[in-house]
Amino acid sequence: MQFSHRIEVSAPVQDVWTFLWQAEQVGACLPGCRSVRTLEPFHRYEATVDERVGPFRASFDWLIEVQEQEPMKRIAILARGKDAKLAATARAQMSVTLEEIVGRGSRLDVDADLQVTGKIASLGQVVLKRKSDQVVSQFAEALRLRLDGAKAGAADA
């Protein structure tokens, strides 16, 4: 399942890039994210995310690896998750591409490709796609609010 979202923020690319490396702050933008831990800065992270999908209450433990980065332009990650209780696995490829909007801030293109197996997959592609798209949309909106809030806070200081 593939998802794409574009958001615009008033923060400059430099500030967005710095924010994207603050794992706990980014995790706070992800619905259901209970914890984030840095294993190797700029390379490997762990996260636990709880989410209700249809009748299931899933709790995925994720290993997140930065596969590629082009400073101030793009980050690509691979995330693998498991919920042992539901015998479910998930794999997500995600990229965030940054672009300066002259005089207005930055544009972020968030692209994700998600694959899910196990009991949750029995819900079918339509339900999973709707739920996943909702989560990616909420994540993108929370990112926008945080980045615009950080810019407003800096302007007030």
*asked:* With n ≥ 4 as the cut-off for DSSP H runs, can you work out [θ] at 222 nm for the chain, using -39500 (n - 2.57) per run divided by the number of residues, rounded to the nearest 500?
replied: -10000 deg cm²/dmol
*Working out 0.36 nm times the residue gap between residue 141 and residue 68, then minus their Cα-Cα distance, what length gain in nm do you get to one decimal?*
23.9 nm
*Could you work out how far apart the two model spin labels at residue 1 and residue 37 are, taking each label as a point 7 Å from the Cα in the direction of the beta carbon, and quote it in nm?*
2.8 nm
*For the chain, modelled as a GNM with alpha-carbon contacts under 10 angstrom, which of 84, 142, 23 fluctuates the most?*
84
*Please turn the phi angles of the range 52-62 into ³J(HN,Hα) values with the Karplus equation 6.51 cos²θ - 1.76 cosθ + 1.60 (θ = phi - 60°), one per residue in order, whole Hz, x for glycine and proline.*
8, 10, x, x, 9, 10, 9, 9, 9, 9, 10
*With the calculation restricted to Cα positions, what are the radius of gyration and Dmax of the chain in angstrom?*
15.9, 51
*Once Lys and Arg get +1 and Asp and Glu get -1 on their Cβ, which of 76, 21, 1 lies farthest toward the positive end of the dipole of the chain?*
1
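Where a number appears in this text, it was derived from the coordinates with a stated rule and is not lab data. Worth saying up front: this structure is predicted, and the values here are computed from it rather than measured. Cβ: placed from backbone, ideal geometry, glycine included. Neighbour counts: every protein chain shown.
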